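Chemist: Quick one: the structure is below, and I'll ask about it shortly.
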Amino acid sequence: MTTETLPEWEPDVNSELNDEAVQKLPSRGRLVAIGVVAMLLLGAGAARAWWPEAKADVRAGTTLVTAEGMAARYGIDVNLIGVTAAGGLIEFRYQVVDPDKADQMMQDATLLPIVVVEDTGATMVIPRPHHAVDPQLGATYFFLFANAHNAIHAGSRLTLVMGDTRLEHIEARG
């Protein structure tokens, strides 16, 4: 078995790939940096498309009321705003104190409850009116809606907005 060595490579001065051309090629580090920046830009665009747009604060222009004021205006006494289903749902539970006013609240899409997290401004909206029901005095009813982006946790301080009124500082239960 014979061992031969390969001849040493000598650049051809007439070749198209001379030293000047080699220096013009981007370095590996520069290519990696360009790739990372491109991925970050694509990721930011995807996140922007997925994340909800910042909207005007639904609390603006509403009148602050007490729990008794909310009951007098809409015929309901709010019993609970709680996190359920392993954090994936929010339960809004209320008791009817005036069936006629409560019926209006249940049927009018502009009066559907909106829950706002006081710290972050995250807003949870009931997506559609309550199922058809004839509210009974003293009966308890509820809405379930998605806890989008896991915005509400047990202990979160919330504001309930209904129509042109708001009830503040409700603590979410878990």
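Chemist: Kindly write out, for region 94-101 in residue order, the coupling ³J(HN,Hα) from the Karplus curve 6.51 cos²θ - 1.76 cosθ + 1.60 (θ = phi - 60°), rounded to whole Hz, with x marking Gly and Pro.
Modeler: Computed from phi, the couplings for region 94-101 are 8, 10, 7, 10, 8, x, 5, 5 Hz.
Chemist: Amide H neighbours of residue 147 under 5 Å, counting only residues 5+ apart in sequence or on other chains, H built in-plane at 1.01 Å?
Modeler: Answer set, sorted by chain and number: 89, 90.
Chemist: For region 63-171, what is the Kirkwood estimate of the hydrodynamic radius, computed as the reciprocal of the mean inverse distance between distinct Cα atoms, to one decimal in Å?
Modeler: 13.9
Chemist: Go ahead and run the numbers for FRET between residue 157 and residue 110, Cβ-Cβ distance against an R0 of 22 Å, rounding to 0.05.
Modeler: With a Förster radius of 22 Å, E is 0.30.
Chemist: Follow-up question, since we're still on this one. Can you put 68, 168, 91 in order of Cβ neighbours within 10 angstrom, beginning with the fewest?
Modeler: Going from least to most buried by this count: 68, 168, 91.
Chemist: Right, another one. Taking 25 Å as R0, compute the FRET efficiency from the Cβ-Cβ separation of residue 67 and residue 100 and round it to 0.05.
Modeler: With a Förster radius of 25 Å, E is 0.80.
Chemist: Please give the contour-minus-distance gain from residue 86 to residue 38: 0.36 nm per residue of separation, less the Cα-Cα distance, rounded to one decimal in nm.
Modeler: 13.6 nm
Chemist: What are the ³J(HN,Hα) values, in whole Hz, obtained from phi via the Karplus relation 6.51 cos²θ - 1.76 cosθ + 1.60 with θ = phi - 60°, for each residue of region 134-150 in sequence order, with x given for Gly and Pro?
Modeler: 9, x, 10, 4, x, 6, 10, 10, 8, 10, 10, 8, 5, 8, 4, 6, 6
Any read-out appearing in this document is the output of simple, stated calculations on the displayed coordinates, not a laboratory observation. Note that this is a predicted model, so its numbers are computed, not measured. Glycine gets a Cβ as well: all are built from the backbone with ideal geometry, and neighbour counts include every protein chain shown.
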